[in-house]
Amino acid sequence: MRGRLITLEGGEGAGKSTVLATVRERLAARGLDVVVTREPGGTPLGEAVRALVLDPAYGPVCAESELLLMFAARAQLVRSVIEPALAAGRWVLSDRYSDASYAYQGGGRGQPAARIAELESWAAGVRPDLTLLLDLPVAQGLARAGSRAAADRIEAERDDFFERVRAAYRARAAAEPQRFRVIDAGAELGAVQAAVTAAIDAYLAAQDRR
Ligand code: Z5A
């Protein structure tokens, strides 16, 4: 039986990396064989693209280049990691995926959604089965992210850019409620982890009924 692709999405400092372990453990406890990856990245080529696209030394980068680089990394990841894993019945958990392109390059940079959808269909070809959107106010996320190391090229954007990113994510979640679960990521960590666990358990229960 084909595996499932679960993605974690959200703005800066939303807590994706922090809750990823919770999701992985929940899936593994059910005996599922889980492959964890991230975007951009997850392959040697993708990690090289990540280093390029986040390095402030290359800025300013035009929106078209940024979008194509994200999909170059994604195409490689799908063909060499995601699709083989799904075909083998494994479950894939990805820290960001194509919704990030709609949010950052679409909402943030103004690239048309139709263009991104065409790239998604052609270059990626695999859509997530379940997406957990960790949503929190921009200022709160930036405060969390700001307490870490130096900002990368995209983290250095202005607040209005991140407001557009958040709005684009929320619009996608509203448009596809069957795929998205919106988690209040502004809550304290225990509450966020409990909400994430509940969302995963509900999804697994629904899979069992199929
Ligand atoms: N990008 C793009 O533009 N287009 C695309 O198609 C894709 C990506 C795929 C790299 O992503 C960048 O690429 C990203 C989008 C762009 N933009 N930037 N910059 P990334 O996911 O690797 O980088 P990130 O978004 O900067 O991740 P992040 O800031 O590390 O966010 P996070 O993983 O969601 O957060 P975290 O590391 O788990 O938590 C941040 C801090 O908050 C940390 O100190 C935690 O201990 C703390 N935290 C977490 N949860 C809580 C709660 N609940 N309470 C209190 N503190 C908390």
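The values are calculated or read from the model by the stated rules, or taken from the named source; none is laboratory data. Values in this document were obtained by computation on a predicted structure and should not be read as measured data. All Cβ positions, glycine included, derive from the backbone under ideal geometry; neighbour counts span all protein chains shown. Keep in mind that these areas ignore ligands, DNA and RNA; they rest on the heavy atoms of the full protein, side chains included. Shrake-Rupley method; radii C 1.70, N 1.55, O 1.52, S 1.80 Å.
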For segment 1-57 and segment 99-120, write down the distance between their C-alpha centroids in whole Å. 19
Work out the charge dipole of segment 103-210 with +1 on the Cβ of Lys and Arg and -1 on the Cβ of Asp and Glu about the Cα centre, then indicate which of Ala151, Ala195, Ala103 is farthest towards its positive end. Ala103
Which one, Glu188, Glu47, Glu120, has the greatest fluctuation when you compute a Gaussian network model over the chain with C-alpha springs under 10 angstrom? Glu188
Rounded if a/c under 1.5, otherwise prolate or oblate - segment 39-160, Cα gyration tensor axes: prolate
Of the residues Gly31, Gly42, Gly106, which exhibits the maximal mean-square fluctuation in a Gaussian network model of the chain defined by a 10 Å Cα contact cut-off? Gly31
Considering the alpha-carbon set of the chain alone, what are its Rg and its Dmax in angstrom? 16.4, 51
Toy charge model, Lys and Arg Cβ at +1, Asp and Glu Cβ at -1: segment 5-208 dipole around Cα centroid in debye, rounded to 20, equals 160
Lys/Arg +1, Asp/Glu -1 at C-beta; segment 5-208 dipole; positive extreme among Ala124, Ala73, Gln207: Gln207
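Of all DSSP beta bridges located in segment 5-208, what percent are antiparallel, nearest 5? Let's see the in-between values first.
On the way: 0 of 19 bridges.
Here the antiparallel bridges make up roughly 0 percent for segment 5-208.
Quick check: net charge around Arg166, other residues with Cβ under 15 Å of its Cβ, Lys/Arg +1 and Asp/Glu -1? Before the final figure, lay out the partial values.
Details: positive: Lys16, Arg96, Arg109, Arg144, Arg158, Arg164, Arg170, Arg172; negative: Glu9, Glu12, Asp99, Asp135, Glu155, Glu157, Asp159, Asp160, Glu163, Asp184.
Taking every Cβ under 15 Å from that of Arg166, the sum is -2.
For segment 111-210, just run the numbers: alpha carbon Rg, then divide by 2.2 N^0.38 Å, N being how many residues it has.
Values: Rg = 16.0 Å, N = 100, 2.2 N^0.38 = 12.7 Å.
Here the Cα radius of gyration is 1.26 times the empirical estimate.
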Quantify, in whole percent, the carbon and sulfur part of the accessible surface of segment 66-157 (1.4 Å probe; protein heavy atoms only). 57
So what is the 222 nm mean residue ellipticity for the chain from helices alone, if each DSSP H run of at least 4 adds -39500 (n - 2.57) and you divide by all residues, rounding to the nearest 500 deg cm²/dmol? -15000 deg cm²/dmol
For segment 49-54, in order, what is each residue's ³J(HN,Hα) by Karplus, 6.51 cos²θ - 1.76 cosθ + 1.60 with θ = phi - 60°, in whole Hz (x at glycine and Pro)? 5, 4, 4, 5, 6, 9
Formal net charge of residues neighbouring Leu204 (Cβ-Cβ distance under 12 Å; K, R +1; D, E -1): +2
At 1.4 Å probe radius, can you tell me the per residue accessible area of the chain in Å²? 46
Interchain or sequence-distant (5+) residues whose placed amide H lies within less than 5 Å of the amide H of Gly10 are Leu134
